[in-house]
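Read-outs throughout are calculated quantities, based only on the coordinates presented, and are distinct from any laboratory measurement. Every value quoted in this text rests on a predicted model; they were computed, and no experiment measured them. Ideal geometry is used to build each Cβ from the backbone, glycine not excepted, and the neighbour counts take in all protein chains shown.
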Amino acid sequence: MAGAVPGDALGRRVLCGAACGTVRYVGSVPPTAGIWLGVEWDDPQRGKHDGTYEGTQYFKCRHPRGGSFIRPSKANFGVDFLTAVKDRYGLNDKQDRQNGTEDTHVIGKKTVEFVGRDFIAEKQRQLHQLVHVSVRECAVSHAGQKEEISRTCANIRCIDLSKNLISCWDTVTDIASQVPDLETLDISGNKMKFPSTSVPESSAFLKLTTLALNQTEITWTQVLLCAPGWPALEELYLTSNNITVLERPDNVLQRLKLLDLSNNQLLDESQLHLIAHLPRLEQLILRNTGISSIYFPDAEFGCKTAMFPSLKRLAINDNKISQWPSINELDKLPSLRSLECRNNPLMDTEKNPETLRQLIIAKISQLEVLNKSEILPEERKGAELDYRKIFGKDWLAAGGHWDPERNKPSEEFLAAHPRYPSLCLKYGALEEGELKGQQPLTLKNQLLTLTIRCPDNPEQKPVEKKLPDSMTIQRLKGLLYRLLRIPGSELKLSYESSKLEGKEVELDNDLKPLQFYSIEDGDTVLVRW
């Protein structure tokens, strides 16, 4: 309630009107009289300064104008859990007496009269029957009197505590410890302190299967410190927590089936390798995590990775993936069945969305659902046959042949099209007649012998490659990804020719083939990153 200053006010969450903040200072602010609260607001626009007044810094803020002083009478420090439950579900005795309804209560469509003890007993019975409880945005800040929750509503299994005034993880534990059958808990939107050292053993969360910690400012290290207390956890939601670095979960989270890390800007793609051995993880949600490539280094093309052994559903929407090799890598996941990948730069490489869909289907053999749309058997067959034919010329140019004894496609081609051999096995290898009479010899004449050099990395020796002049810059970057292990999105390509002394021509359009830039036999491709 507003007015009194609790003894533990420092660090507590408060509500002032509709604005939430954290108390960073309690005391006097000369020359004014009386006690002030220095508050760092969740919304910096609510503040006036950084905790400094008249040249004296009373507290610190993350934002230069994120703080201000308020009188204690303006601050609401919140209510206990049970009070919020009674208020939310109209089971508050004081409210009923004020409203003049202490003798009647509606059950279904009937109004039942109660007198004295009978009325109180009926209220208690209804509290005891509560299974799903939502006290979202009810200013809950503490558990209340010891064992009061367990005496009053011990049958609760699902609690929504999101957007309240909970300041620390201990408060969550105090509430959960009084709800022995708790299975689902949402405490999103509570900016709180989490343990920085190992957590004492507790039975508070023994049956918890679903936990939402979105927008709580928790780190992955703190997740792992708390995780031993969540032995049955199957779903964990951690969106919008500024998590950048992951660590390998050892002996914790081993039953986890769903993990949502959306809206956390991961430091780099290798962070995913640290969570790749969760044995039961079936769904991984990575929307807007900043990843630009995907790579499973333990498996060669055409083989399955040991990483993410149970992963069935993957969401990588709203990221920076721009190269096809990352899609190729997804075919290594042994259990993948559903993929969401909208709003990545790669999606802009094809003008026709349907063509893009067909390419992804052909590249990932076991996929059953793409962007929430089911892949029917007829669609898969059509996509794979089209893919086999579209890249047939490149296959022939790279050394492919319908005769198995003469079929020796280059490593570069297999890197760009790792599924092509399996499609040939499935539908038969292309014969020259299927490519409108174009013969392998004429295709060989289109091969360019190019030198690939990294001018800014002299330790990387130049290599010579034979490439078809029909190869797009995008596919060339895919080849270089295989050779250099540098994501295509980071590569800047140009070329130099003896005919253009002292000049470099940028290869700046991923959709154009080499022949568009008039590259000739003997030219040098320059690679920078």
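Things worth noting here:
- Förster-model FRET efficiency, 51 Å R0, THR32 and LYS320, C-beta, rounded to 0.05: 0.50
- Long hydrophobic helices in the chain: the complete DSSP H runs spanning 15 Å or more by Cα along their own axis with mean Kyte-Doolittle hydropathy of at least -1.0 are 353-363, 473-484.
- Loop GluC sites (Glu not before Pro), the range 339-425, which have at most 12 other Cβ atoms in a 10 Å radius of their Cβ (DSSP): none
- Each Lys or Arg adds one and each Asp or Glu subtracts one; over the other residues with Cβ under 12 Å from the Cβ of SER262, this totals -2.
- Cα gyration tensor shape for the range 12-74, rounded if a/c is under 1.5, else prolate or oblate: oblate
- Amide H contacts of LEU311: SER335, each under 5 Å away and 5 or more positions distant or on a separate chain (H built 1.01 Å from N in the peptide plane; Pro and chain starts excluded).
- The trypsin sites (Lys or Arg not before Pro) found in the range 119-208 that occupy coil by DSSP, while having at most 12 further C-beta atoms within 10 Å, are LYS146.
- Nonlocal amide H pairs with ILE375, under 5 Å, H built at 1.01 Å: VAL369, LEU370
- Taking Cα centre as origin and charging only the Cβ of basic (Lys, Arg, +1) and acidic (Asp, Glu, -1) residues, the dipole magnitude of the range 378-427 rounds to 100 debye.
- Here the 3J(HN,Hα) profile of the range 293-302, calculated from phi with Karplus coefficients 6.51, -1.76 and 1.60 at θ = phi - 60°, is 7, 10, 8, 10, x, 7, 10, 6, 4, x Hz, Gly and Pro shown as x.
- Close amide H partners of CYS20, meaning residues 5 or more places away or on another chain with modelled amide H under 5 Å apart, are ASP42, ASP43.
- Where trypsin sites (Lys or Arg not before Pro) fall in DSSP loop in the range 493-529, at most 14 other Cβ within 10 Å: LYS499, LYS503
- Applying the Karplus relation 6.51 cos²θ - 1.76 cosθ + 1.60 with θ = phi - 60° to the range 267-281 yields 3J(HN,Hα) values of 4, 6, 5, 5, 4, 5, 4, 6, 10, 6, 10, 5, x, 10, 5 Hz, where x marks Gly and Pro.
- Antiparallel bridges, percent of DSSP beta bridges restricted to the chain (to nearest 5): 55 percent
- Net charge, SER498 excluded, C-beta distance under 10 Å - Lys, Arg +1, Asp, Glu -1: -3
- Estimated purely from DSSP H runs of n ≥ 4, each contributing -39500 (n - 2.57), the mean residue ellipticity at 222 nm for the chain is -6000 deg cm²/dmol once divided by its residues.
- Unit Cα scatterers, Debye sum, the chain: log10 I(q)/I(0) for q = 0.12 Å⁻¹: -1.11
- The chain: relative contact order in percent, alpha carbon pairs under 8 Å with at least 6 residues between: 6 percent
- Estimated dipole of the chain in Debye, rounded to 20 [Cβ of Lys and Arg +1, of Asp and Glu -1, Cα centre]: 680 debye
- Whole-Hz couplings from phi, Karplus 6.51/-1.76/1.60, listed for the range 22-30; x for Gly and Pro: 10, 6, 10, 7, 9, x, 7, 9, x
- Out-of-range pairs (alpha-carbon distance over 29 Å; input LYS207/LYS372; LYS86/LYS193; LYS60/LYS163; LYS193/LYS320; LYS465/LYS492; LYS332/LYS408): LYS207/LYS372; LYS193/LYS320
- Other residues within the sphere of radius under 10 Å centred on the Cβ of LEU514, judged by their own Cβ, net out at -1 (K and R +1, D and E -1).
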